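**Student:** Structure below; questions to follow.
The values are calculated or read from the model by the stated rules, or taken from the named source; none is laboratory data. Note that the structure is a prediction, hence the values are computed from the model and not measured. Virtual Cβ from ideal backbone geometry, glycine too; neighbours counted across all protein chains shown. Just the protein is used for accessible areas: all its heavy atoms, side chains included, with ligands, DNA and RNA removed. Shrake-Rupley method; radii C 1.70, N 1.55, O 1.52, S 1.80 Å.
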Amino acid sequence: MSRLADLLNTKIIRNTETGEEGCLTWRETVSYALGRGAQGMCTGMTSSKYVNFFITNILFKALGDQAAMNVASKIRFFCGIFDAINDPVMGVVVDRTRTKNGQMRPYIKWAPFFVAAVMVMFFVGSGNAPLWLNILYTTILFVGLDVTYTAFDIPMGALAFSITPDGVERTKLFGISSIVRSVVGAIPMVFVAGASLLPYFKSHTAQSYLVSAVVSAAGIIILTRFTYKNTRERVVHHEDTPSVKTCFSLLFKNQPLMMLFLANIAFVFCKIPEQVSAYFVSDLMFNRKYNIFIDIIKFPGSLLAGLLVPVIIRKFREKLDSRRFYQICCLSAICIHLLFAAVTYNGLMNKGTQASVSLLIGIMIVLFTGLSAIPLEFKNLIQKEMEAETVDYVEYKTGTRVEGVMLSIMSFTGKLENTFSASIGLRVLSKTGYIKHEEGSVAQNDMTRWALFIMTTLIPVVGYLLMLVPMHFYKITGKKHSEMMAELTERRAAIEQEAEEKAV
């Protein structure tokens, strides 16, 4: 045990690029990563492809096919808009919080309990209840999920910006937490997918969701205890509490953040395949057993990104800045999705409507799903550091640091991604005449099959192309970033010294 304690107390980076020892220990890094894993368990249950299938094919089974899709689409849309608007409000609340436990950690202590409770209540819903009650229940619980998760999500994201002022350490922190989030966050999804292989859950789909929600709720509460107890907020805010007006006005002075915002809006198209994946596997591949393989195959992308991105950033910071790295990820994803469509087209679209895909095509679909996850996870990870850079940028320009509201604008667009991608996917299936079902697979018409194929393989290409446009105007690059951070370090040291002198 003493060896483990010694290991946990060692620094994750002995010498940063500035030549100074880092401040993050393995204990703090792992504890933060476990909190990110808790986030993954929540989003895995409530924002993934499976929640759409649960709503349309289980809760709304009393509705007709098109009506179920339309109602679910409207609920996801309007609740998602509310959720997105809720994020900047929570960001301001975090920025204006001043307690002895910090700005973010108090919310991390209490919010997970409410998240867990509401999530379990959501999946208690039954398709046997009156339809009007299910619609009302689903809407209210979605709003509850939105509010409680935001109170947890924004402080968790902002904590990463405050936990260390060093960009290299942050990137490694993001990498490790990304791996942990992928592994832990996949648990509920893998359970729901794997349940179709078990005799009882194969004919009791609703119960598999509920059991997974209960396990996830317990995991969320337990894992966040480590985050609360073992992390520190190191970027101290000496200035007075900023006004609400100041918090929002600083958003408009952050040009790099606005470019990330626009890129995230375009990313909506790249999220659509995830939202329709359960339908794609069930009704185009015609074999639900592939769900578990498609969920698992995404993990290597997170693992590679978590291991390699921090190394690449540390070694090639000047030559390969974050903007160029982001652009390379988008171009790579475009190539993979075009190949995905070309290789699988014949095996998916020219087979019988009620025939399962051949083993070869099934393997190719799983492999391309895994390959497409690699540039996606690399992009997601480098974007986390870019978001932190934009917080530094505003501090550099104005002297005021507001992690909460800056992080909230990215969380805002993330919620819009899920909202619009889910709404678009469900609405397209509705317009093409999708036939809903609770168990097994159903022969769909040609328009629905085409829609599933295009939304999964080619629509992401449009998204990645659009993302390249705002990235061209992202200002924080290589040498400029290094100069900015050097000046910020000097300013912070001077402020610390001044505060110490006043205290004496």
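**Student:** Order 22-35, 338-351 from most to least packed using the mean count of other Cβ atoms within 10 Å.
**Tutor:** Averaged packing, sorted descending, gives the order 22-35, 338-351.
**Student:** Show which aspartates and glutamates lie in cross-link reach of LYS436 when reach means a straight Cα distance below 19 angstrom and same-chain residues fewer than eight apart are skipped.
**Tutor:** Straight-distance partners of LYS436: ASP65, GLU274, ASP283, ASP446.
**Student:** Longer than 30 Å from Cα to Cα, which of LYS253/LYS298; LYS172/LYS397; LYS172/LYS475; LYS100/LYS271; LYS298/LYS480; LYS172/LYS271 are they? Say none if no pair is.
**Tutor:** LYS253/LYS298; LYS100/LYS271; LYS298/LYS480
**Student:** How would you order 384-396, 274-286 from highest to lowest mean count of nearby Cβ atoms within 10 Å?
**Tutor:** The packing order, highest mean first, is 274-286, 384-396.
**Student:** Moving on to the next point. Sorted from largest down, give the three principal axis spans of the alpha carbons of the stretch 97-233, whole angstrom values.
**Tutor:** 52, 32, 20
**Student:** What is the local net charge at LYS415, summed over the other residues whose Cβ is closer than 14 Å to its Cβ (Lys, Arg +1; Asp, Glu -1)?
**Tutor:** Overall, the nearby charge balance is -3.
**Student:** Moving on. To the nearest 10 degrees, how steeply does helix 65-95 sit against the main Cα axis of the chain, on a 0 to 90 scale?
**Tutor:** With both axes taken from Cα atoms, the answer is about 10 degrees.
**Student:** Could you compute the FRET efficiency for ALA443 and VAL469, with r as their C-beta to C-beta distance and R0 at 41 Å, rounded to 0.05?
**Tutor:** So the FRET efficiency works out to roughly 0.50.
**Student:** Assign one of three labels to the stretch 48-152, namely rounded, prolate or oblate, based on the Cα gyration tensor with a ≥ b ≥ c the square roots of its eigenvalues; rounded applies when a/c is under 1.5, prolate when it is not and a/b is larger than b/c, and oblate otherwise.
**Tutor:** Cα axes put the stretch 48-152 in the prolate bin.
**Student:** Share of the stretch 168-237's accessible area from carbon and sulfur, percent, 1.4 Å?
**Tutor:** Carbon and sulfur atoms account for 72 percent of the accessible area of the stretch 168-237.
**Student:** Ranked highest first by the average count of other Cβ atoms within 10 Å around their residues, in what order do 175-186, 401-412 fall?
**Tutor:** 401-412, 175-186
**Student:** Find the centroid of the Cα atoms in the stretch 259-332 and in the stretch 146-218, then give the distance between the two in whole Å.
**Tutor:** 16 Å
**Student:** Calculate how steeply helix 205-230 sits against the longest principal axis of the alpha-carbon atoms of the chain, using the helix alpha-carbon long axis, and give the answer as 0 to 90 degrees to the nearest 10.
**Tutor:** Computed tilt is about 10 degrees.
**Student:** Report, in deg cm²/dmol and to the nearest 500, the calculated mean residue ellipticity at 222 nm for the chain, where each DSSP H run with n ≥ 4 adds -39500 (n - 2.57) and the sum is divided by the residue count.
**Tutor:** Rounded to the nearest 500, it is -26000 deg cm²/dmol.
**Student:** Also: Looking at VAL89, ALA68, PRO300, which one has the Cα that reaches farthest to the positive end of the dipole of the chain (charges on Cβ: Lys, Arg +1; Asp, Glu -1)?
**Tutor:** The residue sitting most towards the positive pole is ALA68.
**Student:** Run through all the Cα pairs of the stretch 304-371 and give the fraction in each 5 Å bin from 0, expressed as whole percent.
**Tutor:** All Cα pairs considered, the percentages come to 3, 14, 18, 16, 13, 11, 9, 8, 5, 3, 1.
**Student:** Still on this structure: Considering every pair of different Cα atoms, what Kirkwood radius, in Å, is found for the chain?
**Tutor:** By the Kirkwood definition, the hydrodynamic radius is 23.5 Å.
**Student:** What angle do you read, to the nearest 10 degrees and between 0 and 90, between the alpha-carbon axis of helix 446-457 and the longest principal axis of the chain?
**Tutor:** Computed tilt is about 20 degrees.
**Student:** If you scale each eigenvalue of the Cα gyration tensor by 5 and take the root, what three semi-axes come out for the stretch 348-417, rounded to whole angstrom and sorted largest first?
**Tutor:** 44, 13, 6
**Student:** Right, here's the next one. Please report the spacing between the Cα centers of the stretch 48-80 and the stretch 352-379 in Å, no decimals.
**Tutor:** 25 Å
**Student:** Run the accessible area of the stretch 326-371 with a 1.4 Å probe and give the carbon-and-sulfur part as a rounded percent.
**Tutor:** 73 percent
**Student:** To continue, here is another question. Based on alpha-carbon atoms only, what is the radius of gyration of the stretch 446-493 relative to the globular estimate 2.2 N^0.38 Å?
**Tutor:** Against the compact-globule rule of thumb, the ratio is 2.16.
**Student:** What number, in percent, do you get for the relative contact order of the chain if the mean sequence gap of Cα pairs under 8 Å and at least 6 apart is divided by its residue count?
**Tutor:** In percent, rounded to a whole number, it is 27.
**Student:** Using the basic label-point model (7 angstrom from Cα toward the beta carbon), what is the ASN9 to SER356 distance in nanometres?
**Tutor:** Label-label distance for ASN9 and SER356, simple model: 5.5 nm.
**Student:** List the pair-distance distribution P(r) of the stretch 278-436, using every Cα-Cα distance, as the percent of pairs falling in each 5 Å bin from 0 up to the bin containing the longest distance, rounded to whole percents.
**Tutor:** Reading the bins upward from 0: 2, 8, 12, 14, 17, 16, 11, 8, 6, 4, 2, 1, 0.
**Student:** Counting heavy atoms of the protein chains only and a 1.4 Å probe, report the per residue accessible area for the chain as a whole number of Å².
**Tutor:** With all protein chains present, the chain gives 41 Å² per residue.
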